[in-house]
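The values are calculated or read from the model by the stated rules, or taken from the named source; none is laboratory data. Keep in mind it's a predicted model, so treat the numbers as computed, not measured. FYI the Cβ positions are ideal-geometry reconstructions off the backbone, even for glycines, and counts take in every protein chain you see. Please note that ligands, DNA and RNA were not included when accessible areas were found on the heavy atoms of the full protein model with its side chains. Shrake-Rupley method; radii C 1.70, N 1.55, O 1.52, S 1.80 Å.
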Amino acid sequence: MVSPTLTISSLVDQALQTGKLLPATELEIYTVCNTAAELSLQDYMALDRLRQALQSGAVQALPRGPFVNIMEEMLLEETLRQLGQQPTANLDTLDLSEIMTHALNRLPPLYATTQAGAHHQRAHIDETLRAQIIEAVTEALTHCQAPLAHNIPIEPNRRQDLIFGDNSPQPDPLKPNPLQPSPSQPSPSQPNPTQPPLFRT
């Protein structure tokens, strides 16, 4: 578990001072980024400094072993169990990735890098967090069953409508459209009588 006093800025400063990005520091930065409700401007600036330092070689990332979020594994098992109890008609309106995302955002991440660590985390989850996982999945299923508008992928040409809603900017009929020639200007397809003959079509 990441200490609440640790911030992305302090973790990045630690890497910049030592010139090395330790696996533990990398994991802490990753955890903070995934558990914070919102990153501040200072956090983004610190991450950018770290990226530049890694690219320039001022900071070297030490090799690390793989790590997995055991909570995600246990949550998937519970999600599939509850999905198996759903009526077949409801399955067409449910998205597994959306259910998992909704539930994971309400549960603490628990990482492991070894088989022994993963076994310990699974036992810890079974003993202390099983009820919380069941509740999170149940809530996610209820939330994700309704065919809400925000569940529909945003098409590029509809982003402005979704952002502005009914207040989407509309063209003012009293203002000339710069993409269309005004009545006083000749169309590009017609010769302009005031142009020199050299430029006429």
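Since only 39, 52, 82 are under comparison, the one whose Cα sits farthest along the positive direction of the charge dipole of segment 31-83, derived from C-beta charges on Lys, Arg, Asp and Glu, is 52. Using alpha carbon centroids, what distance separates segment 42-111 and segment 8-24, in Å? Computed from Cα coordinates, the inter-centre distance equals 23 Å. Full extension of the segment from residue 27 to residue 68, taken as 0.36 nm per residue of separation minus the current Cα-Cα distance, would add 13.7 nm.
With only Lys, Arg, Asp and Glu charged, each at its Cβ (+1 for the first two, -1 for the last two), find how big the charge dipole of segment 1-143 is about the Cα centre; round to the nearest 20 debye. Before the final figure, lay out the partial values.
Values: 8 positive and 17 negative charges, 108 e Å.
Charge dipole of segment 1-143: 520 debye, to the nearest 20.
For residue 42 paired with residue 119, estimate the spin-label separation in nm (one decimal), with each label point 7 Å from Cα along the Cα-to-Cβ line. For residue 42 paired with residue 119, the spin-label model returns 4.3 nm. For residue 21, the amide hydrogen comes within under 5 Å of the amide hydrogens of 60, 61, 62, counting only partners 5 or more places away or on other chains and with H modelled in the peptide plane. Remark: the residue 135-residue 16 segment gains 38.7 nm on full extension, using 0.36 nm per residue and subtracting the alpha carbon distance. The calculated FRET efficiency for the pair residue 77 and residue 52, based on their C-beta separation and a Förster distance of 30 Å, comes to about 0.15.
Accessible surface computed residue by residue for segment 1-142, with neighbouring protein chains in place and a 1.4 Å probe, gives 61 Å² per residue.
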